[in-house]
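What follows is one structure encoded as structure tokens, with my remarks underneath.
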Amino acid sequence: MLSPKKTGPEPKKEAFPMEIFSDLFSNVLHFTWQQGLMIAIGCLLVYLAVRREMEPSLLLPMGFGAVLVNLPMVHTEAIETLFNTGIASELFPLLLFIGIGAMIDFGPLLSNPKMFLFGAAAQFGIFFTLVVAVMAGFDLKDAASAAIIAAADGPTSIYVANYFQSVYQGAIMVAAYSYMALVPIIQPPIVRAITSRKERQIRMEYAPAQVSRTVRILFPICVTIIAGAIAPKSAELIGFLMFGNLIRECGVLDSLSQSAQHELANLITLVLGLSVAFKMKAELFVTRETLMILALGLVAFVFDTVGGVLFAKLLNLFSRRKVNPMIGAAGISAFPMASRVVHKLGLEEDPYNFLLMHAAGANVSGQIASVIAGGLLITLVERML
């Protein structure tokens, strides 16, 4: 009799070493030059953060995140969750504004309210860039999202771009924070080009008025009410900014004020940078339109500065007490870099020309004006659609 055949699982064939090797590194076959370019950009952002100390708390996580999301066949669900939870819901920009508000001392502005005008004038670049972007062929919502780069205010740029669901959010966020960090490089040649040496040497005496604690406490509340009435779409942003300042000025929450300025602001900025990287995938970022967004961002910054300086020069035509036109350049929202740049330029022309406190007043007014301008931009675009 024939013995029955043995049944059971067949012995596994041993994989050839080359097959194992190809399976392990199969993802390399899916690697594209666009991903390579984005990884290089991510490394550049890390370099700028570490070696140049340019916005390190944001550019470092943003750069590392860009490297991570552009590795082939890598799952990015965690970063997507961070993006949906913190940016799509607008939570991170609002929380970050609490920390920024706690950092700002509005004393120089309250002692010289005229500086409000320079903060408003320095938002000219937003509306100029909106027109340029529309003429360049961008959809109105994307044009508005690109224009808000001129606010020189990262959280506001994120808020507006996310509100309009712009496909260029990654480029807008990178441009907004990168150009903010480059203010000491971008602004000086522009200011020198549109002012004379005599104008840059104009001295401004600083005789600050005493600002009472009551005024400091009422200021953030009044600003929130007025801004909400003028631009309802900016109410959340300006409200969280002013709430942070109220924590600072109330005098009974010193420990929370310090926490908001340091731990809260730093942690939110760190997570924000990683979240932004979700929109820095090669298929979304490496496009002709992205380069145009970056160019528009630079145009926006230039014309913000130009608008502020030219407004100061216009004011001098009707004023007995001359204003140093460079103060107008400090009206952008890049706090405190813009005020430091103006002060340094003043000292270069005249070692006894101290413009820091005047520039600081214009600078913090620009912080308020940029948020209100963002709300007005949202309202304007919605009515035009």
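The set of residues in segment 288-304 that are within 25 Å of residue 90 (Cβ to Cβ) and surrounded by fewer than 21 Cβ atoms within 10 Å (Cβ to Cβ) comprises 289, 290, 294. Within segment 42-62, take every residue that is modelled with pLDDT of 90 or more and either hydrophobic (A, V, I, L, M, F, W, C) or under 16 Å from the mean Cα position of the chain (by Cα) (or both) and give me the one that is farthest from residue 334 (Cα to Cα). Among those residues, the one meeting the criterion is 43.
Within segment 72-90, if we keep just the residues that are loosely packed, with under 14 Cβ neighbours inside 10 Å and of a type in the set (A, V, I, L, M, F, W, C), the residue that is modelled with the highest pLDDT turns out to be 78. Condition first: over 30 Å from residue 326 (Cβ atoms) and without any contact (Cβ under 8 Å) to a residue 40 or more places away in the chain. Can you find one or more residues in segment 281-288 that meet it? For segment 281-288, residues over 30 Å from residue 326 (Cβ atoms) and without any contact (Cβ under 8 Å) to a residue 40 or more places away in the chain: present.
Any residue that is at positive phi, outside any helix (DSSP H, G or I), crowded, with 23+ Cβ neighbours inside 10 Å and in contact (Cβ under 8 Å) with a residue 40 or more places away in the chain - is there at least one of those in segment 147-155? Looking for residues that are at positive phi, outside any helix (DSSP H, G or I), crowded, with 23+ Cβ neighbours inside 10 Å and in contact (Cβ under 8 Å) with a residue 40 or more places away in the chain, one finds at least one in segment 147-155, hence yes.
Just to verify a result, which residue in segment 260-302, among those that are in a helix (DSSP H, G or I) and charged (D, E, K, R), is nearest to residue 127 (Cα to Cα)? Reasoning before the result, please.
Let us first name the residues in segment 260-302 that are in a helix (DSSP H, G or I), namely 260-279, 282-285, 288-302.
Next cut, charged (D, E, K, R) only: 263, 279, 283, 288-289.
Values: 263: 35, 279: 25, 283: 29, 288: 23, 289: 20 Å.
Residue satisfying both the conditions and the ranking: 289.
Is it the case, given these coordinates, that residue 209 is at pLDDT below 90 and crowded, with 19+ Cβ neighbours inside 10 Å? Answer is no for this residue. Do we find a residue being more than 19 Å from residue 376 (Cα to Cα), among the basic types (Lys, Arg) and either modelled with pLDDT under 95 or not in a helix (DSSP H, G or I) (or both) anywhere in segment 214-221? Yes; the residues of segment 214-221 include at least one that is more than 19 Å from residue 376 (Cα to Cα), among the basic types (Lys, Arg) and either modelled with pLDDT under 95 or not in a helix (DSSP H, G or I) (or both).
Scoring residue 204 on the criteria (1) surrounded by 22 or more Cβ atoms within 10 Å (Cβ to Cβ); (2) over 30 Å from residue 174 (Cβ atoms) leaves a single failure, condition (1).
The values are calculated or read from the model by the stated rules, or taken from the named source; none is laboratory data. Quick caveat, the model's predicted, so the values are computed rather than measured. Note that we place each Cβ from the backbone using ideal geometry, even for glycine, and neighbour counts take in every protein chain shown.
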